[in-house]
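Shown next, in structure tokens, is the structure this report addresses.
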Amino acid sequence: MSPVAYLGPVGTFSHLVARKRFGSDDRLIACPSMGAIFDCLLADRSALAVVPIENSSGGTIYDTVDLLIENAGSLYVVEEIALDVRIALIGRSNAPVRRIFSHFVQLQHHRDWLRAHYPQAKVEAVASTAIAAERAAATKGGAALSAPGAAAIYGLDVLAEPNVDGKVNVTHFLVLSHRERRPSKPAEARTALAVSFSNKCGSLYRFLEPFARAKVNINRIISRPFPGNPDRAVFFLEVDGAPGAPAFDEAIERARKRSETFEEFGSYPWKRRLRS
């Protein structure tokens, strides 16, 4: 079985997605950073990787986008997975909560709840919710906003499951591979691109115009500095559709002719949704 790299340590939401999607922990590789995930993937052509791309509260995961752009032409997106994130405050039930750790996305999403219920606690952002649980276990008076399952892993208790007035917190993940997988239903797929064009008035409009005319939706567009040229931009896009869908093919061909660089990350299914 192909190894699957994810952002560790054990207990992160990336670990949860990788385990739910690919099963056995035996094939999963916990990596300490986004860069380490890509290093692991690039070192083994049989490997896969699960990387977060966007959170509905915290926004775009720019480390992922930048590394995708840096490796355009070498890797493919083969699936997009959405995770409904369930979060708990975990700590020791017999101790007052003085410090609360979590990833900045969760601290942002739960800021009002924290102010209302733990106004005196010091809040500290860390690299992941699993690291937050680890820090909470090692800190007197520590607690963490983390996945409920992390409590058992780190010897903690579930103290509360915050109610944030019905707000849905969703993180989108991409599954990366060295091999392209063409979806069986092009009209129900998405295609990822990295493109650039001249830094002139109207260039972005000219690039997007074929998609509007063909009524092809652009689901995501992210501007990043062009590698090695800070005066230019490169755009990461997710476009609804895949090769074989007539409107998509027409829009892509016209947009390609209006670009200076045009890299495709392949087409993939995107409707899989998991619950934490």
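The residues of the stretch 170-185 that are in contact with a strand residue (DSSP E or B) (Cβ under 7 Å, 6 or more places away or on another chain) and farther than 21 Å from Ala47 by Cα, listed by number, are Val170, Thr171.
Quick check on Gly58: is it closer than 21 Å to Val234 by Cβ and modelled with pLDDT under 95? When the stated conditions are applied, Gly58 does not pass them. So is Lys140 over 30 Å from Lys271 (Cβ atoms), outside the structural domain of Ile37 (by TED's automatic domain parsing), exposed (fewer than 14 other Cβ atoms within 10 Å of the Cβ) and out of contact with any strand residue (DSSP E or B) (no Cβ under 8 Å at 6 or more places or on another chain) or not? Answer is yes for this residue. Put simply, of Ser46, Ser57 the only residue that is touching a residue at least 40 places away in the same chain (Cβ under 8 Å) and surrounded by fewer than 16 Cβ atoms within 10 Å (Cβ to Cβ) is Ser46. The residues on offer are Ala194, Ala233, Ala212, and the sole one that is part of a helix (DSSP H, G or I) and outside the structural domain of Gly73 (by TED's automatic domain parsing) is Ala212.
Given the criteria within 19 Å of Glu180 (Cα to Cα) and of a type outside the set (Lys, Arg), does Asn55 qualify? Spelling it out, it is not the case that Asn55 is within 19 Å of Glu180 (Cα to Cα) and of a type outside the set (Lys, Arg). Taking the stretch 254-276 as the search range and keeping residues that are at pLDDT below 95 and of a type in the set (S, T, N, Q), which one is farthest from Ala214 (Cα to Cα)? It comes out as Ser276. Taking the stretch 236-260 as the range and being surrounded by 15 or more Cβ atoms within 10 Å (Cβ to Cβ) and either among the charged types (D, E, K, R) or part of a strand (DSSP E or B) (or both) as the test, the residues that pass are Phe236, Leu237, Glu238, Val239, Asp240, Asp249, Glu250, Arg254, Arg258.
The values are calculated or read from the model by the stated rules, or taken from the named source; none is laboratory data. Keep in mind the model is a prediction, meaning the values are calculated, not measured. All Cβ positions, glycine included, derive from the backbone under ideal geometry; neighbour counts span all protein chains shown.
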